[in-house]
Amino acid sequence: MLKPVHMLKLKAMCFLVILCLVRNNIGEQCTRHFRMETMHLMTVALCNYVGEPEADHVTRSLCFQLEYVPRTLLLFICLLYMYKQALNLCKIIPKQNTSSRSTSNRSSSPNSMNISAINENEVKFKITLCHCSLNDNRAALVEMEGIPSKARTLRMNLTMGKLYRHSRHNRSAISCYKECLRHCPYILEAITALAELGVAAKDILSLFPQTPNRSGRPPFDNFDSSRWLQRFVEAQCCIASNDYKGGLELFTELLQRFPSNVHILLEIAKVEAIIGRNDEAIMNFEKARSSDPYIIDYMDEYAMLLKMNSDSSKLNRLVHDLLNIDPTRAEVCVALSVLWERKDERRALAYAEKCLRIDDRHIAGHIMKGNLFLSLGRPDAAVTAFRAAQELRPDLRSYQGLVRSYLALSKTKEALYAAREAMKAMPQSAKALKLVGDVHASHTGGREKAKKFYESALRLEPGFLGAALALAELHVVEGRNGEAVTLLERYLKDWADDSLHIKLAQVFGATNMLQEALSHYQAALRINPQNEAAKKGLERLEKQMKGVDPDAPEEDEDNEVEDAEGEQEEAELL
């Protein structure tokens, strides 16, 4: 029988394999008759893959078990086996040709030698792609390193750059991506990767070919291509260095040059989501989807924004569409996690972990996982998740998650270090300043410092509502309710935001101005009818207005506990 550890390995790979063939309906064409005809080839390939001898008892065992292995996994393993056999033939045939030529005293032509070399390298690359599909990056990298550097094509260098980056060999990855741009300056994926790896914009631009053509101009100077390409490089370098404002300006300029371009719209929406311009980000995501309804890139970011806006109908429709397009993508798993966050946090966590099994470098997956761990009261696990996101690419959300996690663990020193690290990385960010203020506001002795940081954030970005709300909360804590109301009402003239109305309602409720508090809770619910904080605040206020203590326990509290226990038993039975 096949060893249990090998069957576990096969079952694990069933979840990790990228089901690209299913999208081409190849799975539907693999009928049972076809599977039985190719059973022997598959068993030989599986025996070779798991290291078992090709014996009759192993073959019989695998023939039975193949019915329960996904078709795409079998196809990739068979492809891997056949490519390896082809590689062996590539190595044997040149030897035979050499011996036959030596007996006939003929000199080998360079073309025949090149054909065999090119074939062998192409087969090695196909083996690499099979290993990548089976999520075996180490074996893929070994195959790629067997191809001479001068024989690597553009696609080979791009794949090798990804593999080096996944294995955290950043210098080698940079060399591969640079080689891609020497071949062709329009490989935008290579430009983005180099920017994220810390390469300066001038160094990237120096890789572009500058040889003049017959007209005496550089080869990509026509149609103003050099200018837009330079702007694209600068924009990606700005975002990689956390200069979101500069990157957004450059991408907006590019959008004027290429109106309704899906890639640029997605980049703009992603940056707007990071810096907190949620309404603008949602609008640009919707524009991108209207141009290309099958887009999946960054749709998990869009799902997070819809959840923050409590737009459950759009979120449901988005997840439904993504599942119909490609349920195996990491972005789809994060969108499912966002959808289940309010209903079942543990199920949402399972989807976030599934996302990271598909792609352990997916930043949104790590951030979602960290947020869920915080909601489940596991801040220590949240620190690990946010650190993983930060190692891939430090951005504001990973710093915010780290600060919240450390404060939940009462580790003020570590929280302050993370907030200061964010401020150093983003010196022109009002949100980074606000993050330092949040740490100081968490303890009584730091409130004066917190006030200075909040005021500095508002001077840097006068429309930053988050800093205004935090400063108002600080005024309330220190008993300056009048200053809090004045500050919030000043922002109310320009912002129709539900959180602003809720904060005003809370301040008025604390000063026993119940009618004013009621009007602001109602205004918040008009803006966002799904706002749970407004619903709970309004319910509490109504009890207070009736003269009932809102903190008093309900009369039928015991019955509710008994019902909860009964529901738990029913859940266990189901």
Q) So is K314 at pLDDT below 90 and open to solvent by 10 Å² or more (accessible area, probe 1.4 Å) or not? A) no
Q) Is it the case that Y521 is under 21 Å from R277 (Cα atoms) and either part of a helix (DSSP H, G or I) or not assigned by the TED database to the domain that holds A472 (or both)? A) no
Q: Find all pairs meeting these conditions: Cβ atoms under 7 angstrom apart; at least six residues apart or on different chains; first residue within segment 492-517 and assigned to a loop (DSSP other than H, G, I, E, B); second residue open to solvent by 70 Å² or more (accessible area, probe 1.4 Å).
A: A496/I527
Q. Do we find that K150 is assigned to a helix (DSSP H, G or I), over 16 Å from I127 (Cα atoms) and modelled with pLDDT under 90 in this structure?
A. yes
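Among the residues of segment 470-512, how many are β-branched (V, I, T) and over 22 Å from N528 (Cα atoms)?
Residues flagged as β-branched (V, I, T) and over 22 Å from N528 (Cα atoms) within segment 470-512 amount to 4.
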Q. Can we say S172 is over 30 Å from A281 (Cβ atoms), open to solvent by 20 Å² or more (accessible area, probe 1.4 Å), at pLDDT 90 or above and of a type in the set (S, T, N, Q)?
A. yes
Q: Looking for whichever is farther than 30 Å from M513 by Cα and buried (at least 18 other Cβ atoms within 10 Å of the Cβ) here; the options are L465, L471, L402. Which one fits?
A: L402
**Q.** Count - residues of segment 159-172 that are under 20 Å from the mean Cα position of the chain (by Cα) and in a helix (DSSP H, G or I)
**A.** 8
Q: Name every residue in segment 428-439 that is of a type outside the set (A, V, I, L, M, F, W, C) and either out of contact with any helix residue (DSSP H, G or I) (no Cβ under 9 Å at 6 or more places or on another chain) or part of a helix (DSSP H, G or I) (or both), in order of residue number.
A: K431, K434, G437, D438
Q) Is there a residue in segment 479-496 that is at pLDDT below 90 and in contact with a His (Cβ under 6 Å, 6 or more places away or on another chain)? A) yes
Q: Could you please find all residues in segment 280-306 being of a type in the set (D, E, K, R) and either open to solvent by less than 10 Å² (accessible area, probe 1.4 Å) or outside any helix (DSSP H, G or I) (or both)?
A: D292, D297, D300
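Sort through A467, A422, A389 and tell me the only one that's within 29 Å of the chain's Cα centre (by Cα), at pLDDT 90 or above and not aromatic (F, W, Y).
Being within 29 Å of the chain's Cα centre (by Cα), at pLDDT 90 or above and not aromatic (F, W, Y) holds for just one of A467, A422, A389, which is A389.
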Q.
Considering only residues that are under 17 Å from E542 (Cβ atoms) and open to solvent by 60 Å² or more (accessible area, probe 1.4 Å), which ones fall in segment 478-525?
A. Q506, A510, N512, M513, Q515, E516, Q522
Q | Scan of segment 238-279 for residues that are assigned to a helix (DSSP H, G or I), surrounded by fewer than 21 Cβ atoms within 10 Å (Cβ to Cβ) and either of a type in the set (S, T, Y) or touching a Pro at 6+ places or on another chain (Cβ under 6 Å) (or both), ordered by number | A | T252
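Taking only segment 317-330 into account, find how many residues are polar (S, T, N, Q) and open to solvent by less than 60 Å² (accessible area, probe 1.4 Å).
Final tally of qualifying residues: 1.
The values are calculated or read from the model by the stated rules, or taken from the named source; none is laboratory data. Note that the coordinates shown come from a computational prediction; the quantities given were computed from them, not determined experimentally. Cβ coordinates were reconstructed from backbone atoms using ideal geometry, including for glycine residues, and neighbour counts include every protein chain displayed. The protein model used for the area step is the full one, side chains on, heavy atoms only, and it has no ligands, DNA or RNA in it. Shrake-Rupley method; radii C 1.70, N 1.55, O 1.52, S 1.80 Å.
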